[in-house]
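The values are calculated or read from the model by the stated rules, or taken from the named source; none is laboratory data. If you're wondering where the values come from, they're calculated on a predicted model, not measured in any experiment. Counting neighbours? That spans all protein chains shown, and the Cβs are built from the backbone with ideal geometry, glycine included.
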Amino acid sequence: MPGPGLIEDYRAAVSGQLPASIVDELADGLAETYRSYLDQGLDPDAAAGAAVAEFGEPALVVATFTRASPARRAARRLLMTGPVVGACWGAVLVAGRAWTWPVPAAARVLLGMTLAGAIVLLAVAALLPRYRPARRAATAACAGLAAMDAAAIAAVTVLARYAPLPVLLAVPASAARIAFTTRAMRSVLRP
Amino acid sequence: MRAEELKGHLDALLLAALEGGPRHGYAVMEALRQATDGRLDLPTGTIYPALHRLADAGLISGSWSVVAGRRRRVYQLTGAGRRALAGKRADWRDFAAVISAALEGSPCPDPA
């Protein structure tokens, strides 16, 4: 039976690359396309070929899903807004003469690696033309940024009396980013 | 009319196709074809990502059912989607009137 076989082939081609719910939806749409060609009088082989031609090759459909994915949108927004949040905290560090703070070297290295890792993961999520890896990268980056923002807010809360004035900008900026990354993770991980 | 020519207008077309009631992805494409006498040349598979994007934006909502043993997602307009469609229609009328005035010498509409 060329029709169902075709649909299964198509499903197999996209199932490793897209979430199961999207695969089910595409398979239903392809089956409807195939049925409509049968209704027009095409034989099963011709109907199967016409259905795939009309639906679009699996690679094209996967690429279109990836471009429109919540992971890519979240990553791009975070990459665009990241410099603003970073500038706010940079002002805090400069105004507070952060180089004189007794912060252990390991903590500085951990902070720097988390930030650099998050930026790399966001770039991967924003540019990689593959849906699942982009989703994983965006989720990890969101979690890392949320943890960093939470840690920064906790630190200035504990040290409030020493915190310089720019924290009045930096804390709301980080709080807004925590809210965004939390919403983004829910959207990105939706099955 | 090819996909690249529809850039920027696809969202409005999909919202309009759902204005008459809930539809699944293929039915949305069929509605667009019927409305345009088959002149839209868009790979059917590529409208699904656009539908997901509209659902993420809260302009449409999706619900699942089982038809002929297959899972089917059916979309319908939300209140925000109806408002967005009305806005896009108004924008399109303005845009079309201005471009027509430039290309064909028809009267240019007064700015609202």
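Structure above, values below:
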| item | result |
| --- | --- |
| Helices (runs of 4 or more DSSP H) contained in region B:1-80 and holding at least 2 residues within 10 Å of chain A (Cβ to nearest Cβ) and on the phi < 0 side of the Ramachandran plot | B:25-35, B:47-56 |
| Set A:Ala184, A:Ala152: member being touching a residue at least 40 places away in the same chain (Cβ under 8 Å), over 30 Å from A:Arg67 (Cα atoms), of a type in the set (Gly, Ala, Ser) and touching a helix residue (DSSP H, G or I) at 6+ places or on another chain (Cβ under 9 Å) | A:Ala152 |
| Scan of region A:55-99 for residues that are among the charged types (D, E, K, R), at the interface with another protein chain (Cβ under 9 Å from one of its Cβ atoms) and surrounded by fewer than 19 Cβ atoms within 10 Å (Cβ to Cβ), ordered by number | A:Glu57, A:Arg67 |
| Residues (β-branched (Val, Ile, Thr) and modelled with pLDDT of 90 or more) located in region A:95-113 | A:Val109 |
| Hey, A:Ala51 in contact with a helix residue (DSSP H, G or I) (Cβ under 7 Å, 6 or more places away or on another chain) and crowded, with 19+ Cβ neighbours inside 10 Å or not | yes |
| Meets criteria (more than 28 Å from A:Ala143 (Cβ to Cβ), outside the structural domain of A:Asp149 (by TED's automatic domain parsing) and surrounded by fewer than 20 Cβ atoms within 10 Å (Cβ to Cβ)) for A:Leu26 | no |
| Close pairs (7 angstrom Cβ cut-off, 6 or more residues apart or separate chains): within 11 Å of chain B (Cβ to nearest Cβ) in region A:24-51, charged (D, E, K, R) and not in a helix (DSSP H, G or I) anywhere | A:Asp24/B:Arg71; A:Glu25/B:Arg73; A:Ala27/B:Arg70; A:Asp28/B:Arg70; A:Asp28/B:Arg71; A:Asp28/B:Arg72; A:Ala31/B:Arg70 |
| Residue identified as in contact with a Pro (Cβ under 6 Å, 6 or more places away or on another chain) and surrounded by 13 or more Cβ atoms within 10 Å (Cβ to Cβ) among B:Ala35, B:Ala97 | B:Ala97 |
| Residue match in region A:37-47 (condition: within 23 Å of B:Thr46 (Cα to Cα) and buried (at least 18 other Cβ atoms within 10 Å of the Cβ)) | yes |
| Test result for A:Ala137, within 13 Å of A:Ser69 (Cα to Cα), touching a residue at least 24 places away in the same chain (Cβ under 8 Å) and outside the structural domain of A:Ile22 (by TED's automatic domain parsing) | yes |
| Residue within region A:4-11 that is of a type in the set (Val, Ile, Thr) and modelled with pLDDT of 90 or more present | no |
| Pairs, first without any contact (Cβ under 8 Å) to a residue 24 or more places away in the chain in region B:76-91, second assigned to a strand (DSSP E or B), C-beta under 7 Å, six or more apart | B:Thr78/B:Ile60; B:Thr78/B:Ser61 |
| Of residues in region A:127-145 being of a type in the set (A, V, I, L, M) and under 17 Å from A:Gln17 (Cα atoms), the one surrounded by the most Cβ atoms within 10 Å (Cβ to Cβ) | A:Ala138 |
| Criterion: surrounded by 14 or more Cβ atoms within 10 Å (Cβ to Cβ) and modelled with pLDDT of 90 or more - qualifying residue of A:Val124, A:Val120 | A:Val124 |
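Let's see how each residue does on (1) over 21 Å from A:Val156 (Cβ atoms); (2) outside the structural domain of A:Ser174 (by TED's automatic domain parsing); (3) hydroxyl-bearing (Ser, Thr, Tyr):
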| residue | (1), (2), (3) |
| --- | --- |
| A:Ala51 | yes, yes, no |
| A:Val61 | yes, yes, no |
| A:Ala74 | yes, no, no |
| A:Val85 | no, no, no |
| A:Leu93 | no, no, no |
| A:Ala106 | no, no, no |
| A:Leu111 | no, no, no |
| A:Thr114 | no, no, yes |
| A:Ile119 | yes, no, no |
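Residue by residue, here is whether (1) closer than 30 Å to A:Gln17 by Cβ; (2) over 13 Å from the mean Cα position of the chain (by Cα) holds:
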{"residue": "B:Leu40", "(1), (2)": "yes, no"}
{"residue": "B:Pro43", "(1), (2)": "yes, yes"}
{"residue": "B:Asp56", "(1), (2)": "yes, yes"}
{"residue": "B:Arg82", "(1), (2)": "no, no"}
